[in-house]
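Step one of this worksheet: look at the structure below.
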Amino acid sequence: MDIYFRKPADGERGEFMPVTCAMQIVSGNLTQRLSSVNLGRAFMDQGYQQKRTSNSRGYIVVRRSAEEIQIRMHAVALDDKPF
């Protein structure tokens, strides 16, 4: 999830991201089913601000650009920490 989104920095304005939209972005080509509950927990565990509207739940995020995603994926590939 942190490959695609990041928390807004102090003073930076984020955007409201409904969990259903985040699921579409994150699950792209996943073969395993992704649960909205698990994705919501991941956002909460990482400290994202939760928001509710009259018809959806979501989080305040900054969407990473395609370039940021590539950089992040390369960094993850080079990370030698075990799972």
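Computed from the coordinates by the stated procedures, all read-outs in this text should not be read as laboratory data. This structure is a prediction, so every number in the text was calculated from the model and none was measured. Cβ: placed from backbone, ideal geometry, glycine included. Neighbour counts: every protein chain shown.
Exposed loop positions in the chain were taken to be trypsin sites (Lys or Arg not before Pro) whose DSSP state is not H, G, I, E or B and which have at most 12 other beta-carbon atoms within 10 angstrom. Between these positions, the longest stretch is 34-83.
Using the membrane-span-like helix rule (whole DSSP H runs, Cα extent along the own axis of at least 15 Å, mean Kyte-Doolittle hydropathy at least 0.0), which helices of the chain qualify?
Values: long enough: 66-78 (18 Å, 0.47).
Qualifying helices, which must be both long enough and hydrophobic enough, are 66-78.
Close amide-amide hydrogen proximity is noted between residue 57 and 19, each under 5 Å apart and 5 or more residues distant or on a separate chain (H modeled in the peptide plane; Pro and chain starts excluded).
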